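The values are calculated or read from the model by the stated rules, or taken from the named source; none is laboratory data. None of these values were measured; they are calculated from a predicted model. All Cβ positions, even for glycine, are placed from backbone atoms using ideal geometry, and neighbour counts span all protein chains on display.
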Amino acid sequence: MGTERKHYEQWFAKCRGPRHPADEAAALIAADASDQMQASGKYSEASVDKLVDAASSPRGLVWNCGADLLCAAVRRWPQTSAAIANMLKSRHAKIRLRAISCITNAMPRPTKIQRITDGLVDKSGTVRAQSPVSDGISSKFVDKKDLTPRGIAKVVSELKKED
């Protein structure tokens, strides 16, 4: 049993309220994929696909675990951020919104800025509004009411200045 699987099994056992075996099983598939990559020490496209499936889930428990594991994978294997870029290309706004939640400081700075910019110019207002929040910059650079092209350009230029 890998460390991620063990962590999530313990977490599920401690959670209050009703248990959801199907959701727990889906989350553990992602945990096993993460453990497999950690054990081999190598990036695996198949394992990342399982992490993306979990991080794209409409089920809160599965999404929470999947997003956490996907962010952890980005810290260890920066090329994992390409999977988040692919999530941002989904035709489903909810998957793009979930991708925004996976943006992490562990990403290379230019990649992170590009992912936030992708979110800021998304066709869904919900995704646009969540993009600056994912980086903790909403209060710093932009008011959510100002997600106009001018406001977006301001956020992007401020992000680039921080480099």
Tell me which residues, restricted to the range 103-132, are over 23 Å from P78 (Cα atoms) and among the small types (G, A, S). S124, G125, A129
Which ones in the range 87-120 are of a type in the set (S, T, N, Q) and modelled with pLDDT of 85 or more? S90
Filter the range 12-32 for residues that are hydrophobic (A, V, I, L, M, F, W, C) and farther than 13 Å from V62 by Cβ; the one that is modelled with the highest pLDDT is A13
Can you list the helices (runs of 4 or more DSSP H) lying wholly within the range 1-117 that have 3 or more residues being surrounded by 20 or more Cβ atoms within 10 Å (Cβ to Cβ) and within 15 Å of the chain's Cα centre (by Cα)? 21-40, 45-55, 60-76, 81-88, 93-100
